[in-house]
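Reviewing the structure listed below.
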Amino acid sequence: MAPVSLRQIRKSYHELSVIHGIDLEIADGEFIVFVGPSGCGKSTLLRMIAGLEEITGGDLTIDGVRANDQSPVERGVAMVFQSYALYPHMTVRDNMAFGLKMAKADRTLIAQRVAEAARILHLERYLDRRPSALSGGQRQRVAIGRAIVRHPKVFLFDEPLSNLDAALRVNTRLEIARLHRDLGNTMIYVTHDQVEAMTLADRIVVLNGGRVEQVGTPAELYERPANRFVASFIGSPAMSFLPAQIAALDGGRLTLALADGRPIPTHHRASEATRLGDPVTIGLRPEHLAPDGPGSAALPVEIQDIEYHGDRRFLYASAPGANGLTMAIPGGRPFQVGDRFDARFDPTALHVFDGAGVALPV
Amino acid sequence: MAPVSSRTLRLTSPATLLTYAAMLAAASIMLGPLVVMLVTSLKPDTLQIVQDLGGVAAFIPGPVSLENYKRVLADQQMPFLRFLVNTLVVVVSIVGLGIIVNSMAAYCLARRRFRGRDLLLAVIIALIIVPVESLAVPLLMMVNHLGWMDSYHVQIVPFIAHPFSIFLFYQYFAKLPKDLDEAAAMDGASVWRIYWSIIMPLSAPVIATVAILQGLEFWSAYLWPLMVTRGVEFRPLSVGVAQFFGQEPRQWGEVMAFANMASLPVIIAYLTFQRWFIQSVVGSAVKG
């Protein structure tokens, strides 16, 4: 177990800068998830922590020791790869023992550690098999076992569930959560799947273009996104956005005007740069917009598409000046494509972003 | 039933028949000399052999005798077994050391990033088209200056580094997932350990390909061994066959027996590794 500290961490390939000075403090035993779209730098950042990529600038500290120039083994980190990266010519036992053999560990200790990892991951029956004789889920467990046997200070996971089918992904996700509870190690996990991020993380780091957009608990990110990017990235289906203008500043509280001029009083406050008439964007989660909800505000919509998800349905609708509004509704009242009605929402549930996409304070 | 009838039609179509006829003719041209070689080596009567060699009788076996083989093996002037041992020492050394050296070079080119890497790779690929014959004279001057003439190492050392083998290894390594190297590095393996314990055990197909192609090339190498060996002590079979053939009066039965025994190891190797050999030729697709 160990805390990890990143101070102004940068990465450049010749002239091309890909990580632009990241500051992050990861507590001892914390489960941190790096999430972001493809190319945002989340895997590069993980590989820099692992020691597989050189750090161009800044300081990486693991367990209080500057680790920039240390090898992966000296850093005390172990990594689980997306492709599993099991050695195909070795048995499960040899795959798990390889790291300890490299460390010239005693044979008895190796056997003991491998047996312990096999027990934790239910791999006892497969120890003498080659990876090719295992299913995807079993291979992933071996990859995790290979990390466990080394008793690392920090576990690193690089999109470990991406190659698994949907059912297995849920099971393995639960196993990883259980593992974190049991071992209590610091874990850093990279994914582009926000469900994994929301369900596993103590805190999520949202990355975009090599910069941190927001760090927070899953609830903080979902309920109080710092900007429009985080708001659109976290949550499935994504938040809906409506263009609006600042119509009034009543005692510091904003009243917005929708595209059709309809006023929406909010409990958001103006920032220093906010001016009357400034364009803003309203954000609404699918569960906060409903055909016959309790909200005091109304929005005329027309249904464009309907998706059935068993326990609920998603209605995709258009409104004046906006397309792709999403409503999550329980089963029951039937809807048809083309239906028009006033969708209702509670103004206290909406999010407001200024012209630069930054969330306005409540 | 439709697929069966269409298959039958295809097999008996004029184009198919013509293809099979052409293949049969090509096979006959290739196999003909081998049949003559085998049949002649088993005929004990030298006069009969000379008469038969002019016509179809060369293909027809007569009374079978191993007399020619016995005489070849008993010949002290042209020691077949000495030539065979020399060839084995040279070929096994070139192939064995070549696999290590060429794969290490290829691994560096495929995995390490260093200044001039692309240029070095381009130069190595360009070297594939340079024939040994064009380098023979300057190389001869070098080895002569080093005092290496008439030895095993003069036939081995210049050919351990082999651009085509490096290229084959490079292509294979480039396709192996880098995650394996990185996983091993995370496990604390050094670059050498990754190469030796992870990469090489996964490279059996390319090792077989390189071994077969390099082995065949140097089994039949002629010009260089002829230039650098003076007596029978270090001469390989390829030069020995020519030397044996050049003896007067020419004993065709013994010449054929010598040639047969010289070809036998290659034929056995081919039959044993036929599947890999075909894969290697298809896989390399550059050099036959």
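The values are calculated or read from the model by the stated rules, or taken from the named source; none is laboratory data. From a predicted model like this one, the values you see are computed outputs, not experimental measurements. Neighbour counts run over all protein chains shown; Cβ positions are idealised from the backbone, glycine included. Accessible surface is based on the protein model in full, side chains and every heavy atom, while ligands, DNA and RNA are left aside. Shrake-Rupley method; radii C 1.70, N 1.55, O 1.52, S 1.80 Å.
Some values worked out for this structure:
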{"item": "Residue-normalised accessible area of the range A:1-76, given per residue in Å² at a 1.4 Å probe", "result": "44"}
{"item": "The protein assembly as shown: calculated mean residue ellipticity at 222 nm from DSSP helix runs of at least 4, using -39500 (n - 2.57)", "result": "-14000 deg cm²/dmol"}
{"item": "Pairwise centroid distance, computed over Cα atoms, of the range A:67-112 with the range A:302-338, Å", "result": "50"}
{"item": "For chain B: rounded, prolate or oblate by the Cα gyration tensor [a/c cutoff 1.5]", "result": "oblate"}
{"item": "At least 20 Å along the helix axis (C-alpha) and Kyte average at least 1.6, DSSP helices within chain B", "result": "B:14-41, B:80-111"}
{"item": "Top of A:Gln304, A:Gln140, A:Gln245 by mean-square fluctuation, Gaussian network on chain A, Cα under 10 Å", "result": "A:Gln304"}
{"item": "For A:Arg313, residues with placed amide H under 5 Å, excluding near neighbours", "result": "A:Ile329, A:Gly331"}
{"item": "Calculated over the range A:4-227: convex hull of Cα atoms, volume per residue (Å³)", "result": "125"}
{"item": "Charge context of A:Pro218, other residues only, Cβ under 10 angstrom, K/R +1, D/E -1", "result": "-2"}
{"item": "Rounded to 10°, Cα long-axis angle of helix A:166-183 versus longest principal axis of chain A", "result": "70"}
{"item": "Separation between Cα centres of the range B:176-245 and the range A:4-49, rounded to whole Å", "result": "44"}
{"item": "Accessible surface ranking that places the most exposed of B:Trp192, B:Trp224, B:Trp219, B:Trp252 first, with a 1.4 angstrom probe", "result": "B:Trp192, B:Trp252, B:Trp219, B:Trp224"}
{"item": "C-alpha long axis of helix A:92-102 to longest principal axis of chain A, angle in °", "result": "70"}
{"item": "Using a Förster distance of 30 Å, the FRET efficiency for B:Leu120-B:Ala269 (Cβ separation, nearest 0.05)", "result": "0.35"}
{"item": "Placed amide H near A:Val18: partners under 5 Å, 5+ positions off or other chain", "result": "A:Lys11, A:Ser12, A:Tyr13"}
{"item": "Normalised contact order of chain B, rounded percent, pairs of Cα under 8 Å and 6 or more residues apart", "result": "28"}
{"item": "Apportionment of accessible area to carbon and sulfur, chain A, percent (1.4 Å)", "result": "49"}
{"item": "Cα-based reach from A:Lys104 at 18 Å (exclusive), listing aspartates and glutamates while leaving out same-chain residues under 8 positions away", "result": "A:Glu74, A:Asp94, B:Asp187"}
{"item": "C-alpha long axis of helix A:107-120 to longest principal axis of chain A, angle in °", "result": "30"}
{"item": "Phi to ³J(HN,Hα) by Karplus 6.51 cos²θ - 1.76 cosθ + 1.60 over the range A:6-11, Hz, x for Gly, Pro", "result": "10, 10, 6, 6, 10, 9"}
{"item": "The range A:13-104: relative contact order in percent, alpha carbon pairs under 8 Å with at least 6 residues between", "result": "16"}
{"item": "Net dipole in debye of the range A:240-353 [+1 Lys, Arg Cβ; -1 Asp, Glu Cβ; about Cα centre; nearest 20]", "result": "160"}
